[in-house]
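Have a look at the structure below before the remarks.
The values are calculated or read from the model by the stated rules, or taken from the named source; none is laboratory data. What you are looking at is a predicted structure, and each value in this text was computed from that prediction instead of being measured. Here Cβ is always computed from backbone atoms with ideal geometry, including for glycine, and neighbour counts include all displayed protein chains.
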Amino acid sequence: MRVLFIGGTGIISSACSPLAVESGIELFLLNRGKSHRGVPAGAKVLNGDIRDRASVEAAIGDMKFDAVVDWIAFTPQHIQQDIDVFSGRTGQFVFISSASAYQTPPSALPVTESTLLDNPYWEYSRNKIACEELLVKAYRESKFPYTIIRPSHTYDRTLLPFDHGWTVVDRMRKGKPVIVHGDGTSLWVLTHHKDFAKAFVPLLGNSHAVGDVFHITSDELLNWNQIYQIVGRAAGVEAPKLVHVSSDTLAKWDPGWGPGLLGDKANSMIFDNSKVKAAVPGFSANIPFSRGAEEIVAWYEEDATRQKIDAKADELEDRLVEAFG
């Protein structure tokens with residue numbers, strides 16, 4: 001197969017790109033070449049800026065593809081350009097949506113692909129919903145061959161699972177309390193990008209996936225207290241001090257923190273992955289977050305310049321601890 005990844009070197013796609021090449025796919029990456037993550041051996045880079053249609057068309061020329069994946073489409077305008085450029089050029093167009101598009105909070109668990117899409121709290125999610133609706137419309141009107149994928153909190157070794165990043169780990173190591181939203185017992189799913197790739201790559205060129213939607217997540221359920229404790233242990237802190245503050249309060253204290261909490265992390269999310277498992281027989285996510293957390297901490301410790309402390313976030317957590325600890 002000949003496949004085009006728009007992006008291809010991001011957190012999720014950086015695991016999918018090498019697996020695609022290993023699977024025998026002729027892989028092209030359309031990007032500006034500015035990612036710190038390397039291009040996998042065997043992939044071919046097309047230099048272009050997806051936000052500039054003329055640049056895209058110059059980069060791809062008269063090429064056609066069995067599948068095109070846009071990893072970095074976030075608005076209906078982005079998707080409309082994809083439809084305009086790739087209609088008649090691909091047998092499958094894959095849009096990377098988000099599981100945060102599902103009803104928030106969900107009225108029933110586990111969440112399936114047929115769960116209502118409705119997130120009144122987070123503009124990012126509402127834009128993803130609008131993108132999906134545009135693709136469905138294009139399929140109905142002109143049979144534009146979409147497949148929609150909804151990841152949920154997929155990470156690589158560079159991504160800590162909570163807001164404020166390494167600042168939280170630094171506080172743990174200094175014995176300072178860290179803020180956890182709610183009472184820390186809401187359930188969450190963290191998916192290693194290599195596990196995601198194992199389900200994603202076999203969907204490329206799969207005719208049964210056209211006109212359909214799948215979410216891809218791990219089946220490991222953790223609450224947020226456990227997530228902070230697992231990161232603490234990976235960083236050498238056996239029992240980090242946790243201070244619980246309601247998500248509504250955190251949103252009032254820091255409007256930048258609020259949407260991602262109220263529109264996503266504050267709610268328990270459990271996913272039924274039976275649909276993707278039926279489409280990709282044998283798929284299972286096997287990397288526990290305890291191992292993922294060790295990879296993350298090791299990556300930060302490889303280079304001290306990665307261990308950036310956000311002074312503003314650190315001061316905010318101090319004030320929250322003083323007020324609610």
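Of everything in the stretch 136-165, what is assigned to a loop (DSSP other than H, G, I, E, B), among the basic types (Lys, Arg) and over 22 Å from the mean Cα position of the chain (by Cα)? Give them in sequence order. Even if it seems obvious, please write down each step before you answer.
Our first condition is that a residue be assigned to a loop (DSSP other than H, G, I, E, B); within the stretch 136-165, this holds for 143-145, 152-153, 156-165.
Add one more test, that the residue is among the basic types (Lys, Arg), and what stays is 143, 157.
Residue satisfying the conditions is Lys143 alone.
Would you mind stating whether Pro255 is more than 27 Å from Pro110 (Cα to Cα), modelled with pLDDT under 95 and in a loop (DSSP other than H, G, I, E, B)? Step through it out loud before you land on a result.
Numbers: more than 27 Å from Pro110 (Cα to Cα): yes; modelled with pLDDT under 95: yes; in a loop (DSSP other than H, G, I, E, B): yes.
Taking the combined requirement at face value, the residue satisfies it.
If I ask for residues that are surrounded by fewer than 19 Cβ atoms within 10 Å (Cβ to Cβ) and either of a type in the set (Val, Ile, Thr) or outside any strand (DSSP E or B) (or both), which ones from the stretch 203-212 would you list?
We begin by selecting, within the stretch 203-212, every residue surrounded by fewer than 19 Cβ atoms within 10 Å (Cβ to Cβ); these are 205-208, 211-212.
Hits for the stretch 203-212 are Gly205, Asn206, Ser207, His208, Gly211.
Out of all the residues in the stretch 274-304, which are outside any helix (DSSP H, G or I) and within 30 Å of Lys174 (Cα to Cα)? Show your work before the answer.
Let us first name the residues in the stretch 274-304 that are outside any helix (DSSP H, G or I), namely 280-288, 303.
Ile287, Pro288, Asp303 - these are the residues of the stretch 274-304 that are outside any helix (DSSP H, G or I) and within 30 Å of Lys174 (Cα to Cα).
Considering the stretch 305-323 alone, what residues qualify as being more than 15 Å from Met172 (Cβ to Cβ) and either of a type in the set (Asp, Glu) or not in a helix (DSSP H, G or I) (or both)? Explain how you work it out, then say what you get.
Looking only at the stretch 305-323, we keep the residues that are more than 15 Å from Met172 (Cβ to Cβ), and these are 305-306, 308, 311-312, 315-316, 319-320, 322-323.
Lys308, Glu315, Glu322, listed by residue number.
Being in a helix (DSSP H, G or I) and small (Gly, Ala, Ser) is the filter here; which residues of the stretch 223-239 pass it? Before you say what the answer is, go through the steps one by one.
Residues of the stretch 223-239 that are in a helix (DSSP H, G or I), as a first pass: 224-234.
Residues satisfying the conditions are Gly232, Ala234.
Does Gly282 satisfy the criteria of being closer than 28 Å to His181 by Cβ, outside the structural domain of Ile148 (by TED's automatic domain parsing) and among the small types (Gly, Ala, Ser)?
no
Restricted to the stretch 136-191, and to residues that are polar (S, T, N, Q) and closer than 26 Å to Phe93 by Cβ, which residue is surrounded by the fewest Cβ atoms within 10 Å (Cβ to Cβ)? Break it down into steps so the answer makes sense when it comes.
So in the stretch 136-191, the residues polar (S, T, N, Q) come out as 142, 147, 152, 154, 158, 167, 185-186, 191.
Right, trim to closer than 26 Å to Phe93 by Cβ and you get 142, 147, 152, 154, 191.
Working: Ser142: 11, Thr147: 21, Ser152: 21, Thr154: 24, Thr191: 26.
Applying the filter and picking the extreme gives Ser142.
Just one of Thr75, Thr90, Thr104 is crowded, with 17+ Cβ neighbours inside 10 Å and under 23 Å from the mean Cα position of the chain (by Cα); which is it? Before the answer, list the steps.
Values: Thr75 fails: crowded, with 17+ Cβ neighbours inside 10 Å; Thr90 fails: under 23 Å from the mean Cα position of the chain (by Cα).
Just a single option satisfies the conditions, and that option is Thr104.
Tell me which residues, restricted to the stretch 166-188, are assigned to a strand (DSSP E or B), among the hydrophobic types (A, V, I, L, M, F, W, C) and under 22 Å from the mean Cα position of the chain (by Cα). Lay out the reasoning, then the answer.
Of all residues in the stretch 166-188, those assigned to a strand (DSSP E or B) come to 178-181, 187-188.
Among the residues that remain, those that are also among the hydrophobic types (A, V, I, L, M, F, W, C) are: 178-180, 187-188.
The answer is Val180, Leu187, Trp188.
If you go through the stretch 276-325, how many residues are within 30 Å of Val210 (Cβ to Cβ), out of contact with any helix residue (DSSP H, G or I) (no Cβ under 8 Å at 6 or more places or on another chain) and hydrophobic (A, V, I, L, M, F, W, C)?
Going through the stretch 276-325 one residue at a time, the tally reaches 1.
Only one of (1) assigned by TED's automatic domain parsing to the domain that holds Arg291; (2) at pLDDT below 95 is not met by Arg173, so which one is it?
(2)
Each row is one residue, and each column tells you yes or no for (1) in the same structural domain as Lys312 (by TED's automatic domain parsing); (2) out of contact with any strand residue (DSSP E or B) (no Cβ under 9 Å at 6 or more places or on another chain); (3) closer than 30 Å to Gly205 by Cα; (4) buried (at least 19 other Cβ atoms within 10 Å of the Cβ).
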| site | (1), (2), (3), (4) |
| --- | --- |
| Ile230 | yes, no, no, yes |
| Ala239 | yes, yes, no, no |
| Asp248 | yes, yes, no, no |
| Lys252 | yes, yes, no, no |
| Leu262 | yes, yes, no, yes |
| Ser274 | no, yes, yes, no |
